[in-house]
Amino acid sequence: WDYPANTRGYTQGLIMELIKPKWELRGSSTLLPDIANGPDMDYNWVKSNATTLEYVRRWNMNKHAGAIRGMLFYQTSKMPSYSNARKLLLDGDSSALSIIEGKEKAPSSYYGGSKHGFSISADQELTNEIGVFARAGWNNGKHATWVFTEVDQSASLGATILGKSWKRPQDEIGIASVLGGISKDHRNYLKSGGYGFMLGDGDLNYGHELMFETYYKIQLHQYFSLTLDYQFINNPGYNKDRGPVHVLGVRGHVAF
């Protein structure tokens, strides 16, 4: 999902919701940034906007909560197409590259670039201590990534476990894996030396990006917890010539 927001994660728009005990329906029309991953919004709403529809169905399975969510989205803005940007790049014209990188604004002639896609996610509590989730998303990837992160297909699976069984009921273990990919137009653009606002190193030996993460949250005090985190990333940036990467993290949380 090319999340419609500025660099800090904020946007402006209209949201309507219908919420029932077992299901929810919501739709929104929101603004997009005026440059790729930029801090300022494009207020030409007619030509630059994001439309999102979501349906949520909730249930209880043996008194354990679960839900499934489906989402459709469509966006239009000044996002260049990857195929045209690649042609310009091969002809020695880097103007579209600067726009895709978010280094400069696109002229008004670039309005009309669009992106559509869908996502589906589900989560289920199996016991009072164990929950699982799964997510998948896709967009057509014809036009440049405009916000959030450079991914066109994604699937993830994970679980969380509370520590009651080892007499640490406030502790928590999490584990998840994510498989990401990009469209053919996107990868051809990067292969030809193109850059995005996150990806690009002059070439691309394409491979799906696989990420694995696990963490342990330790409740040290009523008001303080410490989380130890490990991440493994294979083919970072969808490039078989990079990685793998190992990331260690520590996070503290204070509540009053």
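Shown here for the stretch 136-213: trypsin sites (Lys or Arg not before Pro) in loop regions (DSSP other than H, G, I, E, B) with at most 10 other Cβ atoms within 10 Å, namely Lys167.
Ranked by the mean number of other Cβ atoms within 10 Å of their residues, highest first, the peptides 25-37, 221-233 fall in the order 25-37, 221-233. Applying both filters, DSSP loop and at most 15 other Cβ atoms within 10 Å, to the trypsin sites (Lys or Arg not before Pro) of the stretch 207-254 gives Lys240. Solvent exposure of the chain amounts to 57 Å² per residue of accessible area, where only protein heavy atoms count and the probe is 1.4 Å. Can you pull the percent of the stretch 1-120's accessible area that's carbon plus sulfur, 1.4 Å probe, other chains left in place? Reported share for carbon and sulfur atoms: 57 percent. Once the C-beta distance of Val250 and Lys22 is scaled by a Förster radius of 41 Å, the resulting FRET efficiency is 0.50 to the nearest 0.05. Overall, the accessible surface of the stretch 162-207 at a probe of 1.4 angstrom is composed of carbon and sulfur to the extent of 54 percent.
For a straight C-alpha distance cut-off of 27 angstrom, the lysines reachable from Lys20 (same-chain residues fewer than eight places away being disregarded) are Lys63. With a Cα-only, solvent-free Debye model of the stretch 94-172, what are the log10 I(q)/I(0) values at q = 0.17, 0.18, 0.21, 0.26 Å⁻¹? So the normalised log intensities are -0.78, -0.82, -0.97, -1.19. What is the Cα centroid distance between the stretch 199-256 and the stretch 1-72, reported in whole angstrom? The stretch 199-256 and the stretch 1-72 have Cα centres spaced 26 Å from each other.
The values are calculated or read from the model by the stated rules, or taken from the named source; none is laboratory data. What you see is a predicted model, and the numbers here were worked out from it, not measured in a lab. So basically every Cβ, Gly included, is an ideal-geometry build from the backbone, and we count neighbours across all protein chains shown. With ligands, DNA and RNA removed, areas are computed over all heavy atoms of the protein, side chains included. Shrake-Rupley method; radii C 1.70, N 1.55, O 1.52, S 1.80 Å.
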